[in-house]
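So the structure is just underneath, and the comments pick up after that.
The values are calculated or read from the model by the stated rules, or taken from the named source; none is laboratory data. Computed from a predicted structure; not experimentally measured. Virtual Cβ from ideal backbone geometry, glycine too; neighbours counted across all protein chains shown. What goes into the accessible areas is simple: the full protein's heavy atoms, side chains included, and nothing from ligands, DNA or RNA. Shrake-Rupley method; radii C 1.70, N 1.55, O 1.52, S 1.80 Å.
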Amino acid sequence: MSTKRIHPGVEQMKKSLTDGKCSRREFLRTITLLGVSATAAYSMAGSILGKDVLPDIVSSAMAATQKMGGVLKFGMVVQEMADPATYSWTQKSIVARHIIEYLVETGSDNITRPNLATSWEASDDLKTWTFHLRKGVKWSNGDDFGADDVVFNFTRWLDPKTGSSNLGLFGSMMEETGEKDAKGNPIKRMIKNAVQKVDKHTVKLNLKSPVLSIPENLYNYPTGIVHRDFEKEGGDFSKNPVGTGPYELTQFRVGEIAVLKKRKAPYWGGEVFLDEIRFVDLGEDPGAYLAAIASSQVDGLYELDLTTLEAAKNIPGIKVISIPTTQTGVIRMKVTEKPFTDIRIRKAVQKCCNAQRMLDIAHRGLGIVGEHHHVASIHPEYFALPAFKQDIKGAKKLLAEAGYPNGIELTCNVGNTDGVWEQDAVAVLKEDAAKAGITINMNVMPSAQYWDVWTKAPLSLTSWTHRPLAVMVLGLAYRTGVPWNESSYANPEFDAALDDAESTLDVEKRRAKMEKVEKILQDDAVLVQPFFRSVFTAVRDNVVGLKNHPTRYYRFHKVSLA
Amino acid sequence: MVTLVVKRIGFMIFTMIVVSLILFLLLETELTGDPAARVLGQFSNEEQREIWREQHGYNQPVALRYVKWLGNFAIGNLGESIRFKGPVADVMLPRLWNTAILGFWTFAIMIPLSLILGVLSGMKEGSKLDRTISVFGILTTSIPEFASAVIFSAIFVFGLKWLPGTSSMSGGFEFKQLIMPAMVLIVYDFGYVARMTRASMAEVMTSQYVRTAILKGLPYRSVIVKHALRNALIAPFTVIMLQINWLLSGVIVVEFFFAYKGFGALILEASLNNDIALLEACAMVAVCVAVTTQTLADIGYTFLNPRIRFS
């Protein structure tokens, strides 16, 4: 690192940490994003704060005593996983994560570290990012990993025909073609030379606007790097699983099982412990998962839900691991569908919300209350707006103004895609809304069916996963025209404010800019957001080294069995 | 006899054709929404749907499409599953086999058990034994599978820790994993079959030829075995055949609960995910099983009952 140029932002961050303006975690996160290695970052923080700030003391000490070998059985649905760029379920990426790899890796501590990229630098304006790729990494088919692979992946993600949600993450690499599709939305394409091969092991990203979270975006789950011939060789990952990771896919049956075996070739990332990982599909009944771990049929579960949490705590031989996250459910209103085209209706619904009550009832108080702008108090750039209060009278008044003095009837879709708390949250809102004359009918549907309508329905609760930075999720869900903008929200003022915040490195300055972003989104009343929730899961006592991850991006490289 | 068999088989085929027509109208025509949208999902645009319709012959007249579809079905070309990304037959056959294994063991235990208990209680109507068996049978039959599955799990998996909690067979077939689902099915169903056997047995016991046999001094044992049983078991035979039908729907709950990878769980998955081709194939298999068992029951009944056979 000493031979490379150091981003001026690092000095700025050092000053912030010295002055106590940013937390240790924020300091570590930001300077590693700017290309300082994690080890160097920890020692810098240590020298500024005058105490040892060592990463993962426990797990590195444990590594010496961890046992080699063994088969880990993990209870999780096994879905089709043909194209890593279009994954829309984390579970697909968990199987794939052991075969293909990402340029970076964001750990359980929200710090992003090098992976297939060994280091990176950003230009002062955060518009040019240079990634240095790891040398000597081989694909499982014998080819060398290099810049061509990375260029191929970027080009593929940013081709709208691929249908990848990564389009929203790398919007600053796209331009409009000037043509419009049948619906009148502008057709976009990747800017020529937005991704550029410098040499065999160096890639440069040229952005049209500054983006801070490029490294973090590169661990978003549909950004796994596939081989450059992925499409030429059929474009089906489960049939042709070529990867750089330590495991290979030896058995795969959708709805039943996925088996990974340790590859014979030495792995660039050092020794992994487990010989075999078996993902066992036990259907969609949480009770089945609990029964399986209770009777030692599996060693760990993808998740526990609230109904099984208490039961799991009482079963001997099982430990519950939990972590606070920014996972949430948003009851979003589609601004292009009647009656939500009228902001007064949306505001009326929002005013009925008592977030604390929703959290207490629907999620047993495990989480952080939401403020209807999708930014959590654990996001580093969170700006505290004045507290949002329930206002039934105000809601009634708005309804009357909008032409519904006798109340209105709405239907809210719930898919319970992440558990029954979704349904319970809507039920609490339904109760409160009734006081204002708003009748909310709940349409509870199977989770798989929910994903068919999630971007179509006028009113529905969608579960969103954790993202370490607020700007990341706002860009995916509320920027005009991106595929996952389920509310069809389009406000140029919001887009501009978000662009501005996204391009600001300094935490304090960024936080100041978030005021506007949060305020616009809250005032436009696009969503009712009850809470951000903690996540938890269960593993058996014999599992060593498995930590929960805020996004459940489980990776078993450092996991072993006792 | 031969005429009867031919007639029965003819009727069976007719039933299946009628059902296939209904199935086709429901899933493959515009009657209940656009099939292209069903297959490609809500995200698809009109252009993609048109291409799909063209490719899959959906622009042809409905009658022609039905005949082709039926023809394909008849030669075993069941189409592609969207959910599983593969031919329907490859997905369905192993699942059907798994359910057959579960069904086999369920029946292997349930049938002797319910026949013995039914005969025992029907031999002396109103006796203590009869009352005990009847009450027990009614009790287990009135607890639905989803409830008994939870109760048995609580006892044998979480409490006593004797049995594995799920039956996914992910590490290959294991008999131990079959016990819980089979037990739930057996406990639910045996009461019903036992009650039917009891009724049939009780009726036979009051008949004149049994009375005569007893009065002429035959040992009680041979009265039961030689005279009563042969007639008493005709009615339960039909009932048991019909239990195969019940099993196909009963396994949906049980397979879901115990994560058993069988036909029932597959039907549920296909319908939740709008997997049309898979759903059609599953429905046709279920219908086929239903009419086949019914036909066998009819033919078997005729064969077993000399009064019908010789008339």
Distance in Å, no decimals, from the C-alpha centre of region A:98-112 to the one of region B:89-115 is 45 Å
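Taking the square root of 5 times each eigenvalue of the Cα gyration tensor, what semi-axes in Å does the equivalent ellipsoid of region A:223-355 have, largest first?
Numbers: eigenvalues 296, 148, 43 Å².
Listed largest to smallest, the semi-axes of region A:223-355 are 38, 27, 15 Å.
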Calculated from DSSP helices alone, with each H run of at least 4 adding -39500 (n - 2.57) and the total divided by the residues of the protein assembly as shown, [θ]222 nm to the nearest 500 comes to -14000 deg cm²/dmol
Accessible-area loss of at least 20 Å² in the complex relative to the chain alone (1.4 Å probe) applies, within region B:222-262, to B:F256, B:F257, B:A259, B:K261
Phi angles of region B:90-107, converted by Karplus (6.51 cos²θ - 1.76 cosθ + 1.60, θ = phi - 60°) into ³J(HN,Hα) in whole Hz with x for Gly and Pro, give 4, 7, 6, 4, x, 5, 5, 4, 4, 5, 4, 4, 4, x, 4, 5, 4, 6
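Per residue Cα convex hull volume for the protein assembly as shown, in cubic angstrom?
Values: hull volume 178.4 nm³, N = 873.
Taking the convex hull of the Cα positions in the protein assembly as shown, it is 204 Å³ per residue.
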Rounded to one decimal in Å, the inverse mean reciprocal Cα-Cα distance for region B:245-311, i.e. its Kirkwood radius, is 13.7 Å
Ordering B:V184, A:V77 by the accessible surface of their heavy atoms, 1.4 Å probe, largest first, yields A:V77, B:V184
Treating only Lys and Arg (+1) and Asp and Glu (-1) as charged, each at its beta carbon, one finds that region A:316-367 has a dipole about its Cα centre, in Debye to the nearest 20, of 140 debye
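So what's the projected area for region B:117-209, the Cα convex hull averaged over all directions, in nm²?
Values: hull surface 30.2 nm².
Computing the convex hull of the Cα atoms and averaging its projections yields 7.5 nm².
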One computes Rg over Rh for region B:61-192 from alpha-carbon atoms, with the Kirkwood Rh, and obtains 1.16
With the full set of protein chains present, the residues of region B:165-181 whose 1.4 Å probe accessible area falls by 20 Å² or more relative to the chain alone are B:G165, B:T166, B:S168, B:S170
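Stretch B:N305-B:T212 to full length: gain in nm at 0.36 nm per residue minus the Cα-Cα span? Don't jump to the answer; show the numbers that get you there.
Details: separation 93, 0.36 × 93 = 33.48 nm, distance 2.08 nm.
That pair, B:N305 and B:T212, stretches by 31.4 nm at full extension.
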Note: A vs B interface, total accessible area buried (1.4 Å probe; ligands, DNA, RNA excluded), nearest 100 Å², is 2300 Å²
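Using only the heavy atoms of the protein chains and a 1.4 Å probe, how would B:F175, B:F158 rank by accessible area, largest first? List each step's numbers first, then the result.
Values: B:F175 100, B:F158 70 Å².
My answer, sorted largest first, is B:F175, B:F158.
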Rounded to the nearest 10 Å², the 1.4 Å probe accessible area of A:L218 is 0 Å²
Projected onto the charge dipole of region B:60-128 (unit charges on the beta-carbon of Lys, Arg, Asp and Glu, signs +1, +1, -1, -1), the Cα from B:I109, B:G71, B:G122 with the largest positive-side position is that of B:G71
Kirkwood Rh over alpha-carbon pairs of region A:405-560 plugged into Stokes-Einstein at 37 °C, 0.692 mPa s gives a D in µm²/s of 180 µm²/s
Looking only at lysines whose Cα falls under 19 Å of A:K204's and that sit 8 or more positions away or on another chain, we get A:K4, A:K127, A:K135, A:K192
The answer for A:V535, listing residues at least 5 apart or on another chain whose modeled amide H is closer than 5 Å to its amide H, is A:I323, A:T325
For A:D159, the residues 5 or more places away or on another chain with a placed amide H closer than 5 Å to its own amide H are none
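Under Stokes-Einstein, with the Kirkwood radius over Cα pairs standing in for Rh, what whole-number D in µm²/s applies to region B:193-246 at 25 °C and 0.890 mPa s?
Values: Rh = 11.7 Å.
This corresponds to a translational diffusion coefficient of 209 µm²/s.
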Quick tally, 1.4 Å probe accessible area for A:Y247, A:Y302, sorted with the most first, runs A:Y302, A:Y247
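Quick one: dipole size for region A:69-119, taken about the Cα centre, charges +1 on Lys/Arg Cβ and -1 on Asp/Glu Cβ, in debye to the nearest 20.
Values: 4 positive and 5 negative charges, 28 e Å.
So the magnitude is around 140 debye.
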Taking only C-alpha positions in region A:147-209, Rg and Dmax in angstrom work out to 12.5, 42
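Please work out the average accessible area per residue across region B:132-266, using the 1.4 Å probe convention, and give it in Å². Working shown, then result.
Details: 6180 Å² over 135 residues.
Solvent-accessible surface per residue comes out at 46 Å².
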Taking every alpha carbon pair in region B:127-269 and sorting the distances into 10 angstrom bins from 0 up to the bin holding the longest one, the percent per bin comes out as 11, 30, 27, 18, 11, 3, 0
Percent of all Cα-Cα pairs per 10 Å bin for region A:329-376, counting from 0 up to the last occupied bin, reads 24, 47, 25, 4
Check: C-alpha center region A:162-207 vs C-alpha center region A:213-263, spacing in Å is 23 Å
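For the cross-link pairs A:K338/A:K519; A:K180/A:K351; A:K319/A:K389; A:K14/A:K188; A:K200/B:K85; A:K313/A:K351, which exceed 30 Å when the distance is taken from alpha carbon to alpha carbon? Intermediate values should be presented prior to the final figure.
Values: A:K338/A:K519 24 Å; A:K180/A:K351 37 Å; A:K319/A:K389 38 Å; A:K14/A:K188 39 Å; A:K200/B:K85 36 Å; A:K313/A:K351 37 Å.
Pairs exceeding 30 Å: A:K180/A:K351; A:K319/A:K389; A:K14/A:K188; A:K200/B:K85; A:K313/A:K351.
Could you work out the relative contact order of chain B? I mean the mean sequence separation of Cα pairs under 8 Å and 6+ apart, divided by the number of residues, in percent. Kindly include the intermediate steps, with their values, before the conclusion.
On the way: 339 pairs, mean separation 74.6, N = 311.
The normalised contact order for chain B reaches 24 percent.
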Rounded to the nearest 10 Å², the accessible area of A:C22 using a 1.4 Å probe with every protein chain kept is 20 Å²
Once the in-chain neighbours fewer than 8 apart are removed, the aspartates and glutamates whose Cα is under 17 Å from B:K7 read B:D298
Under a Gaussian network model of chain B whose springs join Cα atoms within less than 10 Å, the largest fluctuation of B:V135, B:V254, B:V91 belongs to B:V135
One point scatterer per Cα, no solvent, Debye formula: log10 I(q)/I(0) for region A:237-306 at q = 0.14 Å⁻¹ comes out as -0.55
Among B:N59, B:V204, A:T30, the residue whose Cα sits farthest towards the positive end of the charge dipole of the protein assembly as shown (+1 at Cβ of Lys and Arg, -1 at Cβ of Asp and Glu, taken about the Cα centre) is B:V204
Working note, chain B: Cα radius of gyration (Å, one decimal) and Dmax (Å, whole number) are 24.1, 86
Residues whose built amide H sits under 5 Å from the amide H of A:I257, excluding neighbours closer than 5 in sequence, are A:D281
Ranking A:G70, A:G481, A:L212 by how far each Cα lies towards the positive end of the charge dipole of the protein assembly as shown (+1 on Lys and Arg Cβ, -1 on Asp and Glu Cβ), the top one is A:G70
In nm, the gap between the two label points placed 7 Å beyond Cα toward Cβ at A:E11 and B:K176 is 6.6 nm
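Would you mind telling me the share, in percent, of accessible area of the protein assembly as shown contributed by carbon and sulfur at probe 1.4 angstrom?
Details: 22040 of 37360 Å².
The value for the protein assembly as shown is 59 percent carbon and sulfur by accessible area.
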Ignoring ligands and nucleic acids, A:D391 exposes an accessible area, probe 1.4 Å, in Å² to the nearest 10, of 50 Å²
Toy charge model, Lys and Arg Cβ at +1, Asp and Glu Cβ at -1: the protein assembly as shown dipole around Cα centroid in debye, rounded to 20, equals 2040 debye
